[in-house]
Amino acid sequence: MRSSVRRSGALALALLAVASLTAAMGSVALAQAPVREIKVEGGDYYFKPKDITVAAGERVRIVFTNVGPIAHELEISRLGAKDVKWSVAAGVSVPADEKKDVDEHAARGTPEVWLPRRSSGTVEFTPVNPGTYKLECGIEGHEEAGMVGTFTVLAAGQQPTQLPRAGGLPLAPLAAGAAGLGMVLALGGLALLRRR
Ligand SMILES: [Cu+2]
(Lines give C-alpha, C1' and ligand atoms only; values in the text may rest on other atoms or scores of the structure.)
Protein backbone atom coordinates (compact mmCIF):
# COMPACT_ATOMS: atom_id res chain seq x y z
CA MET A 1 0.00 0.00 0.00
CA ARG A 2 2.64 2.43 1.10
CA SER A 3 4.85 1.82 -1.92
CA SER A 4 1.89 2.11 -4.27
CA VAL A 5 1.05 5.51 -2.75
CA ARG A 6 4.64 6.61 -3.31
CA ARG A 7 4.52 5.30 -6.85
CA SER A 8 1.32 7.16 -7.69
CA GLY A 9 2.85 10.32 -6.22
CA ALA A 10 5.88 9.98 -8.46
CA LEU A 11 3.64 9.30 -11.44
CA ALA A 12 1.60 12.38 -10.63
CA LEU A 13 4.72 14.55 -10.50
CA ALA A 14 5.98 13.07 -13.76
CA LEU A 15 2.61 13.80 -15.39
CA LEU A 16 2.72 17.39 -14.13
CA ALA A 17 6.22 17.85 -15.53
CA VAL A 18 5.21 16.48 -18.93
CA ALA A 19 2.05 18.59 -18.77
CA SER A 20 3.89 21.87 -18.28
CA LEU A 21 6.42 21.00 -20.97
CA THR A 22 3.66 20.15 -23.45
CA ALA A 23 1.72 23.31 -22.64
CA ALA A 24 4.91 25.37 -23.04
CA MET A 25 5.51 23.83 -26.48
CA GLY A 26 1.98 24.77 -27.41
CA SER A 27 2.40 28.40 -26.42
CA VAL A 28 5.75 28.69 -28.21
CA ALA A 29 4.15 27.41 -31.42
CA LEU A 30 1.31 29.90 -31.02
CA ALA A 31 3.72 32.79 -30.41
CA GLN A 32 5.48 31.90 -33.67
CA ALA A 33 2.32 31.88 -35.77
CA PRO A 34 3.53 31.77 -39.34
CA VAL A 35 3.62 34.78 -41.60
CA ARG A 36 1.78 34.29 -44.87
CA GLU A 37 4.52 34.90 -47.39
CA ILE A 38 3.46 35.70 -50.92
CA LYS A 39 5.93 36.02 -53.76
CA VAL A 40 4.94 38.50 -56.46
CA GLU A 41 6.85 39.07 -59.67
CA GLY A 42 6.53 42.40 -61.43
CA GLY A 43 7.65 43.46 -64.89
CA ASP A 44 6.63 45.54 -67.89
CA TYR A 45 3.67 45.71 -67.25
CA TYR A 46 2.26 43.03 -65.05
CA PHE A 47 2.02 41.50 -61.59
CA LYS A 48 2.20 37.73 -61.22
CA PRO A 49 0.06 36.71 -59.43
CA LYS A 50 -2.19 39.72 -59.90
CA ASP A 51 -4.98 38.63 -57.57
CA ILE A 52 -4.13 37.86 -53.94
CA THR A 53 -6.37 36.74 -51.07
CA VAL A 54 -5.54 36.78 -47.36
CA ALA A 55 -7.53 36.89 -44.11
CA ALA A 56 -7.92 39.86 -41.77
CA GLY A 57 -5.63 39.74 -38.77
CA GLU A 58 -2.93 37.53 -40.22
CA ARG A 59 0.60 38.77 -40.77
CA VAL A 60 1.36 39.05 -44.48
CA ARG A 61 4.74 39.39 -46.15
CA ILE A 62 4.88 40.19 -49.84
CA VAL A 63 8.22 39.47 -51.45
CA PHE A 64 8.22 41.59 -54.60
CA THR A 65 10.73 40.99 -57.35
CA ASN A 66 11.03 43.43 -60.23
CA VAL A 67 12.38 41.48 -63.19
CA GLY A 68 11.90 44.38 -65.61
CA PRO A 69 14.42 46.85 -67.04
CA ILE A 70 12.77 49.87 -65.36
CA ALA A 71 11.58 50.80 -61.84
CA HIS A 72 8.27 49.46 -60.53
CA GLU A 73 6.15 49.73 -57.40
CA LEU A 74 3.74 47.46 -55.63
CA GLU A 75 1.07 49.28 -53.67
CA ILE A 76 -2.20 48.26 -52.02
CA SER A 77 -4.30 51.40 -51.97
CA ARG A 78 -6.40 52.38 -48.95
CA LEU A 79 -5.84 49.07 -47.19
CA GLY A 80 -5.59 50.61 -43.72
CA ALA A 81 -3.24 47.86 -42.57
CA LYS A 82 -1.44 47.75 -39.22
CA ASP A 83 2.32 47.77 -38.66
CA VAL A 84 3.43 48.28 -42.26
CA LYS A 85 7.16 47.65 -42.67
CA TRP A 86 9.05 47.61 -45.93
CA SER A 87 12.61 46.93 -46.95
CA VAL A 88 14.71 46.34 -50.02
CA ALA A 89 17.38 43.71 -50.57
CA ALA A 90 20.95 44.53 -49.54
CA GLY A 91 22.67 46.77 -52.06
CA VAL A 92 19.44 48.09 -53.60
CA SER A 93 19.27 51.88 -53.44
CA VAL A 94 16.01 53.79 -53.29
CA PRO A 95 16.02 57.53 -54.14
CA ALA A 96 15.20 59.79 -51.17
CA ASP A 97 11.93 61.09 -52.67
CA GLU A 98 10.65 57.56 -53.34
CA LYS A 99 11.70 56.44 -49.85
CA LYS A 100 9.80 59.38 -48.32
CA ASP A 101 6.70 58.54 -50.37
CA VAL A 102 6.77 54.84 -49.39
CA ASP A 103 7.34 55.76 -45.72
CA GLU A 104 4.35 58.11 -45.81
CA HIS A 105 2.18 55.39 -47.33
CA ALA A 106 3.31 52.93 -44.64
CA ALA A 107 2.38 55.41 -41.91
CA ARG A 108 -1.13 55.63 -43.43
CA GLY A 109 -1.49 51.84 -43.52
CA THR A 110 -0.89 51.53 -47.26
CA PRO A 111 1.66 48.78 -47.98
CA GLU A 112 4.07 49.81 -50.71
CA VAL A 113 7.53 48.98 -51.94
CA TRP A 114 9.45 50.82 -54.67
CA LEU A 115 12.11 48.96 -56.62
CA PRO A 116 14.69 49.94 -59.22
CA ARG A 117 15.07 47.62 -62.20
CA ARG A 118 15.97 43.99 -61.52
CA SER A 119 15.81 44.05 -57.73
CA SER A 120 13.69 42.79 -54.90
CA GLY A 121 12.19 43.93 -51.63
CA THR A 122 9.50 43.09 -49.11
CA VAL A 123 6.54 44.72 -47.47
CA GLU A 124 5.03 43.23 -44.32
CA PHE A 125 1.73 44.22 -42.74
CA THR A 126 -1.41 43.04 -40.98
CA PRO A 127 -4.65 43.71 -42.90
CA VAL A 128 -7.59 44.40 -40.60
CA ASN A 129 -10.47 45.51 -42.83
CA PRO A 130 -12.15 42.84 -44.99
CA GLY A 131 -12.83 43.91 -48.57
CA THR A 132 -11.29 44.02 -52.02
CA TYR A 133 -8.57 46.56 -52.69
CA LYS A 134 -6.54 47.59 -55.69
CA LEU A 135 -3.04 46.18 -56.14
CA GLU A 136 -1.19 48.59 -58.39
CA CYS A 137 2.03 50.11 -59.58
CA GLY A 138 1.82 53.83 -58.82
CA ILE A 139 4.34 54.93 -61.44
CA GLU A 140 2.62 57.08 -64.05
CA GLY A 141 1.03 55.08 -66.84
CA HIS A 142 1.90 51.64 -65.42
CA GLU A 143 -1.53 50.83 -64.02
CA GLU A 144 -3.09 51.69 -67.38
CA ALA A 145 -0.52 49.49 -69.11
CA GLY A 146 -1.55 46.47 -67.02
CA MET A 147 0.20 46.68 -63.68
CA VAL A 148 -2.97 46.29 -61.68
CA GLY A 149 -4.71 43.54 -59.75
CA THR A 150 -6.73 42.88 -56.62
CA PHE A 151 -5.94 42.29 -52.98
CA THR A 152 -8.82 40.63 -51.16
CA VAL A 153 -9.07 40.50 -47.36
CA LEU A 154 -11.44 37.83 -46.05
CA ALA A 155 -13.03 38.02 -42.60
CA ALA A 156 -10.71 37.04 -39.75
CA GLY A 157 -10.37 33.28 -39.43
CA GLN A 158 -11.48 32.51 -42.98
CA GLN A 159 -8.89 30.49 -44.80
CA PRO A 160 -7.78 31.57 -48.26
CA THR A 161 -7.52 28.33 -50.21
CA GLN A 162 -5.30 29.16 -53.12
CA LEU A 163 -2.10 29.71 -51.19
CA PRO A 164 -0.33 27.43 -48.72
CA ARG A 165 0.94 28.94 -45.50
CA ALA A 166 4.68 29.38 -45.24
CA GLY A 167 6.08 26.05 -44.07
CA GLY A 168 2.94 24.24 -45.13
CA LEU A 169 2.06 23.06 -41.60
CA PRO A 170 -1.15 24.18 -39.89
CA LEU A 171 0.70 25.25 -36.74
CA ALA A 172 -2.19 26.84 -34.86
CA PRO A 173 -4.23 23.58 -34.54
CA LEU A 174 -1.06 21.71 -33.53
CA ALA A 175 -0.34 24.31 -30.87
CA ALA A 176 -3.89 24.21 -29.57
CA GLY A 177 -3.65 20.40 -29.47
CA ALA A 178 -0.42 20.51 -27.48
CA ALA A 179 -1.87 23.03 -25.04
CA GLY A 180 -5.01 20.89 -24.66
CA LEU A 181 -2.97 17.73 -24.07
CA GLY A 182 -0.91 19.61 -21.48
CA MET A 183 -4.09 20.55 -19.64
CA VAL A 184 -5.40 16.95 -19.66
CA LEU A 185 -2.08 15.66 -18.34
CA ALA A 186 -2.02 18.32 -15.60
CA LEU A 187 -5.55 17.39 -14.48
CA GLY A 188 -4.54 13.71 -14.39
CA GLY A 189 -1.50 14.53 -12.29
CA LEU A 190 -3.53 16.64 -9.86
CA ALA A 191 -6.19 13.92 -9.53
CA LEU A 192 -3.49 11.38 -8.67
CA LEU A 193 -1.94 13.70 -6.08
CA ARG A 194 -5.30 14.33 -4.45
CA ARG A 195 -5.93 10.57 -4.10
CA ARG A 196 -2.90 10.20 -1.82
CU1 LIG B 1 5.39 49.74 -62.80
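So the values come out like this:
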| item | result |
| --- | --- |
| Answer residue from segment 134-159, given it is among the small types (Gly, Ala, Ser) and closer than 20 Å to Thr53 by Cβ and is nearest to the ligand (Cβ to nearest atom) among those | Gly149 |
| Unmet criterion (only one of (1) without any contact (Cβ under 8 Å) to a residue 40 or more places away in the chain; (2) polar (S, T, N, Q); (3) buried (at least 21 other Cβ atoms within 10 Å of the Cβ)) for Asn66 | (1) |
| Inter-residue pairs, beta-carbon under 8 Å, first part of a strand (DSSP E or B) and in segment 77-91, second exposed (fewer than 12 other Cβ atoms within 10 Å of the Cβ), 6+ apart | Val84/Ala107 |
| Neighbours by Cβ (under 9 Å, 6+ apart or cross-chain): first from segment 33-47, at pLDDT below 95; second surrounded by 16 or more Cβ atoms within 10 Å (Cβ to Cβ) and among the acidic types (Asp, Glu) | Ala33/Glu58; Pro34/Glu58 |
| Of all residues making up segment 65-92, the number that are within 11 Å of the ligand (Cβ to nearest atom) and hydrophobic (A, V, I, L, M, F, W, C) | 3 |
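The values are calculated or read from the model by the stated rules, or taken from the named source; none is laboratory data. Because the structure is predicted, anything quoted here is derived from the model rather than measured. When we count neighbours, we look across all protein chains shown, and the Cβ atoms used for this are built from the backbone with ideal geometry, even at glycine.
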